[in-house]
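Written out below as structure tokens is the structure these notes cover.
Here, each number is a calculation from the coordinates, and none is a lab measurement. Predicted model only: the values in this text are computed from it and were never measured. Note: ideal-geometry Cβ built from the backbone for every residue, glycine included; neighbour counts use all protein chains shown.
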Amino acid sequence: MIHSMTGFGKHVLQLPGKKITIEVKSLNSKSLDINARVPQVYREKELEFRNTIAGMLNRGKIDFSLYIESNGEEASTRINQSVVRDYMGQLGEIAPGDTLRLLEMALRLPDTLKTEREELDPEEFAVIQEALAKALEELQAFRLEEGKTLEADFAQRIKTLQKLLEEVKTMDEARLGSIRERLERAVADLRETADPNRFEQELIYYLEKYDITEEKVRLSKHLEYFLSTMDSEASNGKKLGFISQEIGREINTIGSKANDAVMQRIVVQMKDELEKIKEQMLNVL
């Protein structure tokens, strides 16, 4: 069973005075690359968030976001009343006037507002860690569903390659006979003066250079191995990628030995199917 590297998980917490939203998104990557966006109050816990993510996800470009929205019941910014009163007193000494006017002027001056630093709540952090684990589980489920779609696509394309390989096998015997006839016609004049046994040996030598029996057997085995690996618990994108490379190697060798226009067209179709598999393989975990 394969998993996609593309996934999304989200969990929302409604706590007294605030709403906390956790989002985790993953895309394909050769290794684990975590990008974290967390509020300042939780910056000291970023490493623990990263360790939690790394414990559940072993590959992918991961975007982790923690959003905290206050419902307005608690304001972190407050008026520095003693500073405002002092400003108003000084302004009144300079130019006595309306109290509201003096207040308006005082609030424009420096240090009239103070931001109280929010302290990290251990209980809140524990709840957030649990919510992160749930978001990661949701992401894993998303990856599994995406993996099923990829698996169905791979299976269909491998079956197409198997059918094309059968076409190659069907025409191969006639192809070798045609190549033999072309070689004999090309060296007909030489045959009359050459030693018959020597000529036959040379002919067999050249025919063996065009023989694709081993390539057909290996390609068939590689296609079966791809399907069985995809169904196994140990299935992963890197292993399937290695098998794809071996499949491509056999297809290329068949193409180079074909020396037949019809077979070359089939090889082109096989390469096209394999290229589509390789493109999708980038998204496999």
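The table below lists the values:
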item: Whole-Hz ³J(HN,Hα) from phi, Karplus 6.51 cos²θ - 1.76 cosθ + 1.60, for region 21-35, glycine and proline x; result: 10, 10, 10, 10, 10, 10, 10, 6, 7, 5, 9, 8, 10, 9, 10
item: Residue-by-residue Karplus 3J(HN,Hα) for region 212-226, coefficients 6.51, -1.76, 1.60, Hz, glycine and proline x; result: 10, 4, 5, 5, 5, 5, 5, 5, 4, 5, 5, 5, 5, 5, 4
item: Amide H contacts of Lys61 (H built 1.01 Å from N, under 5 Å, at least 5 apart or other chain); result: Leu27, Asn28, Ser29, Asp33
item: Hz values of 3J(HN,Hα) by residue in region 119-132 - Karplus curve (6.51, -1.76, 1.60), Gly and Pro given as x; result: 8, 6, 9, x, 5, 5, 4, 4, 5, 5, 4, 5, 5, 5
item: Highest-first arrangement of 139-152, 9-22, 86-99, where packing means the average Cβ count within 10 Å; result: 139-152, 9-22, 86-99
item: Cross-link pairs Lys134/Lys278; Lys159/Lys271; Lys19/Lys61; Lys30/Lys257 - those with Cα-Cα distance over 24 Å; result: Lys134/Lys278; Lys19/Lys61; Lys30/Lys257
item: Added length on full extension, which subtracts the Cα-Cα distance from 0.36 nm per residue, Ser256 to Ala95; result: 48.3 nm
